[in-house]
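Read the structure below first, then the notes.
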């Protein structure tokens, strides 16, 4: 089943065309890594998919429900309540966590399910504690984000996104703000989620991780998808010269 | 027991509930000072006559000042009560998507900050007469002072709030949006609590300034403490009453900084 369908997205900031005719499908249970040099449009693609940016052209469909469709060469977004409904399908984990500093860990994780999804409090708390335990930060529920390490904060952020029970989870360079040790911490969590068949789209610079964990790798450059396919295929035997050059640079 | 989120409202509740004796003591002292002075001043003052010795003379001066002290206190408290919410409203207008609303708010703020408060008080006081030929009642002085101060302080508070709101990282809005918070939920739950914390030090500054600024109400002959101190000083040909008044402003501001310091400490349960 297709969870996410992006068709022919275009997005410009002023004169700068950041995304040029990008299409992407994500199947249920699939782990997709997006790699590519800085400024290639990876993050913008994620921000368009999570409705943080409005695309200029193209359509966006979650689970068969249209968040935006293309009418006369322009993206037209669905009405507000429809968008609200569609927002429940996905979650996003940021590079710099964006936890709410005035909320404890537990409150960060439980507030949206309780006050946005209006779910039963006890149920949400129980589920949140279980999530925090799975993230190995069950003992930190009464801490404030500033009292945690970056890796712990990112795990809280992942728990916060998971607590909304999304069908698909986006990660925008989840390890870029972390040192190598903490990066491994987060990659471990991502591997765990992948083994549980969580559908994920991950923008990352961790090439080894992309190669070993994802089902598909997408290489973006200059607003285009240059190459995509089986991770071992793309990373070990790139066909495109730009992909070759990039991989050579980052793998040393 | 579920952990409660600690928002400013909850914190004030905690302060009030847990520190009842403490709060009561502060309020008691704050009210006791002018009250005892009123009573002792009147009795001692009348017994001691005018200038038997320096002690009884000071008591007499204080008794003269006491009615003005109440007036200053009322002016201070009411101005805060009105200007702080009004400031939030002006701040919203200043940040409005609608250019016209934003421009009106900008103009309002620039006039309020750019002209003397004394002049603004005069305008508020005399406007009903010059605009509508409404005869000036002396009871209106008090209301005019409160209106004038509130309008002026709202402009300053608006800019302080704005700085506090803009200090909230953009990523928090984005996180809130992806989590499905509505705009009002985002403001109430995510932005406002952080804004309160960011703005406590400058708000304390404004409150302290307000304590002293109440003396500007003399411009419309409102009988607050400093107006009376000047009258007493003139009639006694002595500068001492002004210093006595000064001591009271200082004492009152000590209480203000103490209370605000406590609140600030309470709000420091997290760091960014």
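The values are calculated or read from the model by the stated rules, or taken from the named source; none is laboratory data. Remember, predicted model here, so these are calculated numbers, not experimental data. Heads up, the Cβs are rebuilt from the backbone with ideal geometry, glycines too, and the neighbour counts pull from every protein chain shown.
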> Any residue at all in the stretch A:76-86 that is in contact (Cβ under 8 Å) with a residue 12 or more places away in the chain, within 28 Å of residue A:230 (Cα to Cα) and under 17 Å from the mean Cα position of the chain (by Cα)?
Replying inline: no
>> Tell me which helices (runs of 4 or more DSSP H) are completely within the stretch B:132-239 and hold 1 or more residues being within 12 Å of chain A (Cβ to nearest Cβ), or say none if there are none.
In response: B:170-178, B:192-213
> Within the stretch A:77-87, can you find the residues that are more than 7 Å from chain B (Cβ to nearest Cβ), outside any strand (DSSP E or B) and surrounded by 13 or more Cβ atoms within 10 Å (Cβ to Cβ)?
Replying inline: A:78, A:82, A:83, A:85, A:86
>> Among the residues of the stretch A:184-240, what is the count of those that are in contact (Cβ under 8 Å) with a residue 60 or more places away in the chain and either in a strand (DSSP E or B) or not assigned by TED's automatic domain parsing to the domain that holds residue A:63 (or both)?
In response: 14
> What single numbered condition from (1) under 18 Å from the mean Cα position of the chain (by Cα); (2) more than 12 Å from chain B (Cβ to nearest Cβ); (3) surrounded by fewer than 21 Cβ atoms within 10 Å (Cβ to Cβ) fails to hold for residue A:174?
Replying inline: (3)
> Counting only residues that are in contact (Cβ under 8 Å) with a residue 40 or more places away in the chain and surrounded by 18 or more Cβ atoms within 10 Å (Cβ to Cβ), which one in the stretch A:57-69 is farthest from the other protein chains (Cβ to nearest Cβ)?
Replying inline: A:57
>> Among the residues in the stretch B:145-153, are any surrounded by fewer than 15 Cβ atoms within 10 Å (Cβ to Cβ), under 21 Å from the mean Cα position of the chain (by Cα) and in contact (Cβ under 8 Å) with a residue 24 or more places away in the chain?
In response: no
> Which numbered condition trips up residue B:72, out of (1) surrounded by fewer than 21 Cβ atoms within 10 Å (Cβ to Cβ); (2) in contact with a helix residue (DSSP H, G or I) (Cβ under 7 Å, 6 or more places away or on another chain); (3) modelled with pLDDT under 95?
Replying inline: (1)
> Can you tell which of A:32, A:93 is touching a strand residue (DSSP E or B) at 6+ places or on another chain (Cβ under 8 Å), modelled with pLDDT of 95 or more and under 17 Å from residue A:153 (Cβ atoms)?
Replying inline: A:93
>> Restricting to the stretch A:88-107, and then to whatever is in a strand (DSSP E or B) and at the interface with chain B (Cβ under 9 Å from one of its Cβ atoms), can you tell me which residue is nearest to residue A:38 (Cα to Cα)?
In response: A:92
> If you take the residues of the stretch A:122-156 that are surrounded by fewer than 17 Cβ atoms within 10 Å (Cβ to Cβ) and within 7 Å of chain B (Cβ to nearest Cβ), which of them is nearest to the chain's Cα centre (by Cα)?
Replying inline: A:146
> Mind checking which residues of the stretch A:117-143 are in contact (Cβ under 8 Å) with a residue 40 or more places away in the chain and either closer than 19 Å to residue B:179 by Cα or in contact with a strand residue (DSSP E or B) (Cβ under 9 Å, 6 or more places away or on another chain) (or both)?
Replying inline: A:117
> Out of (1) outside the structural domain of residue A:33 (by TED's automatic domain parsing); (2) over 18 Å from residue A:194 (Cα atoms), what's the single condition that is false for residue A:131?
Replying inline: (2)
